[in-house]
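Accompanying notes for the structure given below.
No lab work stands behind these numbers, since they all come straight from the coordinates. Fair warning: this is a prediction, and the values are worked out from it, not measured in the lab. FYI the Cβ positions are ideal-geometry reconstructions off the backbone, even for glycines, and counts take in every protein chain you see.
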Amino acid sequence: MNKLTSLIKVLVVDDQPLIVEELSEFLESSGYRCVPCVSSREAIAAFVADPEISLVLCDLHMPDMNGIELTQHLQKIAGKRRLFESILLTGRADKQDVIKALRIGIADYYQKPVDLDELLEGIKRQDAVLQERKKTEHLGHLNQKMQFLAASIDGLYHDMESVMRPAQTVPSPPPEQAQVEGQVPPIFKQLSPRQLDVAKLVGKGQTNYQIACDLGITENTVKLYVSQVLRLTHMNNRTQLALALSPSAASQQHRQTAH
């Protein structure tokens, strides 16, 4: 590997400063940026402070926190949003320790004294794994954005179709019924036809899934419309929206208008 070709940083952790220094110098000469630490506590602080750290190379047996415990702690800090891999170094590899390490997701382990060339090959493999995982995660985010965009376009298409569709003649309800059932609070007059359709179905207590089925749109589009309706009507939640469109509210408004 040519010098300075890797995008990742390596956190090198060992309670023996000479080992940390030797490993860091070797890896930096091989193209990796290193963050040297001589304790688990120092390593945790460095990991939190530097989001570019993607590979942790740590000793298994350390006084304050061993390599397995350190990795578990870093996994909790990283959660699902941050990708990293761990490699353990150990001078006395107990079989149960190795099994436990692999079980929690540690990528690999090497026996001390470490063969540096062998270690470098292992780090290159994990580097490639990390790059592939980042690429896959990025594509996943793009896919989610594309789905949201497609849902929005689908909703807009239905809005245009609704506006351009010729009005159908329907029997008129009795005058008194029309005054109450057909009456919409003035604040809803600013909504588009599709936004008003969604609002009315929310008022009937329907779920996003039911509204999507009734209107022939996706649930994501329904969520988008509900969000727009709440914003345009200055309401805080679906319950407030449903109450504003309930028959009792319409009847009360009709009586107020009549007086």
**Item:** Debye intensity ratio in log₁₀ form over the Cα atoms of the stretch 3-88, taken at each q of 0.20 Å⁻¹
**Value:** -0.85
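What's the local net charge at ILE53, with K and R +1, D and E -1, over the other residues with C-beta under 10 Å away?
Details: positive: LYS9, ARG33, ARG82; negative: ASP50, GLU52.
Spelling it out: positives minus negatives among the neighbours equals +1.
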**Asked** What length, rounded to one decimal in nm, is gained on full extension from CYS213 through to ASN236, with 0.36 nm per residue of separation minus their alpha-carbon distance?
**Response** 5.8 nm
**Request:** Measure off 7 Å from each Cα along the Cα-to-Cβ vector at LEU18 and GLN131, then give the distance between these two points in nanometres to one decimal.
**Result:** 3.5 nm
**Item:** Karplus 3J(HN,Hα) series, Hz, for the stretch 65-71 with 6.51 cos²θ - 1.76 cosθ + 1.60 (x for Gly, Pro)
**Value:** 7, 6, x, 5, 5, 4, 4
**Message:** For the pairs LYS76/LYS112; LYS9/LYS124; LYS100/LYS134, flag any whose C-alpha to C-alpha distance is greater than 24 Å.
**Reply:** LYS76/LYS112; LYS100/LYS134
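At a 10 Å Cβ-Cβ cut-off, how would you order GLU85, GLU42, fewest neighbours first?
Working: GLU85 21, GLU42 15.
Arranged by neighbour count, lowest to highest, GLU85, GLU42 become GLU42, GLU85.
How would VAL229, VAL222, VAL129 line up from fewest to most surrounding beta-carbon atoms within 10 angstrom? Show your work: numbers first, answer last.
Values: VAL229 20, VAL222 25, VAL129 14.
So the ranking, lowest neighbour count to highest, is VAL129, VAL229, VAL222.
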**Request:** Pop a pseudo-label 7 angstrom from the Cα along the beta-carbon direction at both ARG103 and ILE77 and give the gap in nm to one decimal.
**Result:** 2.5 nm
**Asked** Quick one: Cα centre-to-centre distance for the stretch 117-136 and the stretch 31-62, in angstrom?
**Response** 17 Å
**Asked** According to a simple spin-label model (label point 7 Å from Cα along Cα-to-Cβ), what is the distance in nm between LYS112 and ASP94?
**Response** 1.6 nm
